[in-house]
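The values are calculated or read from the model by the stated rules, or taken from the named source; none is laboratory data. All of these numbers come straight from a predicted model, not from anything done at the bench. All Cβ positions, even for glycine, are placed from backbone atoms using ideal geometry, and neighbour counts span all protein chains on display. Protein only, heavy atoms only, side chains kept; ligands, DNA and RNA dropped before computing areas. Shrake-Rupley method; radii C 1.70, N 1.55, O 1.52, S 1.80 Å.
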Amino acid sequence: MVRLLPKIYQVTVTLQGIHPPIWRRLLIPSDLFLHDFHKVLQTAMGWDNQHIHLFLKGNKLFGSEETGWGSGSHFQDYTAIRVNDLL
């Protein structure tokens, strides 16, 4: 059986409202779970997970149910969602 390797995405993360710009360029596998992508972002930016975080695509929110945002129909727990599911 042949296993296909995931695509590699190049992602640029830029903080808004900061001058000079603070940004990082990341290479991530397309099959990375969103909750793992959050960990990559935390490490790349030098953060230590002190704030609530969400991912947004269209009108859909993805994040941890622990944030309290998990009750609406526009919210989905991100532990089973991969980056390539949103692209």
### Message
From the alpha carbon gyration tensor of region 27-87, can you work out the equivalent ellipsoid semi-axes (sqrt of 5 times each eigenvalue) and give them in Å, largest to smallest?
### Response
19, 16, 9
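Quickly rank 54-63, 40-49 as a protection proxy: mean count of other C-beta atoms within 10 Å, highest first.
Working: 54-63: 14.4, 40-49: 12.6.
Descending mean neighbour count gives 54-63, 40-49.
Summing Lys, Arg as +1 and Asp, Glu as -1, what charge do residues with Cβ under 15 Å from the Cβ of Thr43 carry, Thr43 excluded?
Working: positive: Arg24, Arg25, Lys39; negative: Asp36, Asp48.
Net charge around Thr43: +1.
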### Message
Per residue, how much accessible surface does the chain expose to a 1.4 Å probe? Answer in Å², no decimals.
### Response
76
